Amino acid sequence: MKASGFLLCLVLLGAPAARAQWGSDAKEVVVQAGKTARIDVYTAAGLNCDDPETAEAKLVTAKDKTHNTLLITGKIPGSTYCRAGQAALGYTVLVHIVVVDQEP
């Protein structure tokens with residue numbers, strides 16, 4: 001009985017780290033329409049975005065091939081989500097993108 005309690009503690013203590021690794025906590029990026037923001041997504045490979053009308057997203061690999069950068073260009077005001085990476089391939093980063101109007 002004590003061994004199962006110990007195992008449960010290990011599982012519960014490891015859950016926050018596993019959740020963060022899989023990108024369940026979105027990073028928020030605010031970008032003006034017509035401007036570009038950059039986010040380092042480490043080794044995340046692959047890209048899936050909900051609304052390509054709101055923002056254009058592109059993954060760019062560093063010259064030394066050690067990490068990837070997500071380039072986000074705002075198109076029209078609104079918000080959307082993009083995920084860099086694929087759970088089946090490892091690390092992912094969820095990004096909440098908020099596009100605001102250009103400053104006058």
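FYI, it's all coordinate maths here, none of it is from the lab. Because the structure is predicted, anything quoted here is derived from the model rather than measured. As a convention, Cβ positions derive from the backbone with ideal geometry for all residues, glycine included, and neighbour counts pool all protein chains shown.
Around the Cα centre of segment 22-100, unit charges on the Cβ atoms of Lys, Arg, Asp and Glu (plus for the first two, minus for the last two) sum to a dipole of about 260 debye.
Just want the ordering: 40, 64, from fewest to most Cβ atoms lying within 10 Å of their own Cβ.
64, 40
Rg and Dmax, both from the Cα atoms of segment 22-100 and both in Å, are 11.8, 35. Using only the Cα atoms of segment 59-104, build the gyration tensor, take square roots of its eigenvalues as a ≥ b ≥ c, and label the shape rounded, prolate or oblate: rounded if a/c is under 1.5, else prolate if a/b is larger than b/c, else oblate. Oblate shape, in that a/c is at least 1.5 and b/c is the bigger or equal ratio. Ordering 69, 98, 55 by Cα displacement along the dipole of segment 22-100 toward the positive end leaves 69 in first place; charges were set at the Cβ atoms of Lys, Arg (+1) and Asp, Glu (-1).
Between residue 48 and residue 79, residue separation times 0.36 nm minus the direct Cα-Cα distance comes to 9.7 nm.
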